[in-house]
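Derivation of every value follows stated rules applied to the coordinates shown; laboratory data play no part. In this text, all values refer to a predicted model and were calculated from it rather than measured experimentally. Cβ placement follows ideal geometry from the backbone for every residue including glycine, while neighbour counts extend to all protein chains displayed.
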Amino acid sequence: MAQEEPGRIPEGGGGPASLEERLRAARDAETARTNTTARKPRTGYNQGARILTELIAGPAGGGIVGWLLDRWLGTSPWLLLVMLFLGFGVAVRNIYRISNERPE
């Protein structure tokens, strides 16, 4: 009758020891399936991420500084444009430096 009712523990083989064994086996199977060992990141991927950061941060930083200086000095779009191009130039220079680095 215990087998017919859901939620009831069957008598004889459903004690805490078998539950611990099943949990341990499930954890081992999940660890083997996902292979959670830490991998060393690839160097090319890291360099690509650095280049992307430079391409975004250089012009964005220059644009923000230019916009703030424009608002402070009242020189509408001119300092924004100058600083934007200056930020882009700095980004290109940094990308050139990154590309000349030796891979680790």
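Table: residues versus (1) without any contact (Cβ under 8 Å) to a residue 40 or more places away in the chain; (2) part of a helix (DSSP H, G or I).
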{"position": "Leu55", "(1), (2)": "no, yes"}
{"position": "Ile64", "(1), (2)": "yes, yes"}
{"position": "Thr75", "(1), (2)": "yes, no"}
{"position": "Leu79", "(1), (2)": "yes, yes"}
{"position": "Gly87", "(1), (2)": "yes, yes"}
{"position": "Val92", "(1), (2)": "yes, yes"}
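Taking region 54-104 as the range and being closer than 23 Å to Gly44 by Cα, aliphatic (A, V, I, L, M) and touching an Asp or Glu at 6+ places or on another chain (Cβ under 9 Å) as the test, the residues that pass are Val90, Ala91, Val92, Ile95, Ile98.
Within region 46-68, the set of residues being over 14 Å from Val92 (Cα atoms), surrounded by fewer than 16 Cβ atoms within 10 Å (Cβ to Cβ) and touching a helix residue (DSSP H, G or I) at 6+ places or on another chain (Cβ under 7 Å) comprises Trp67 only.
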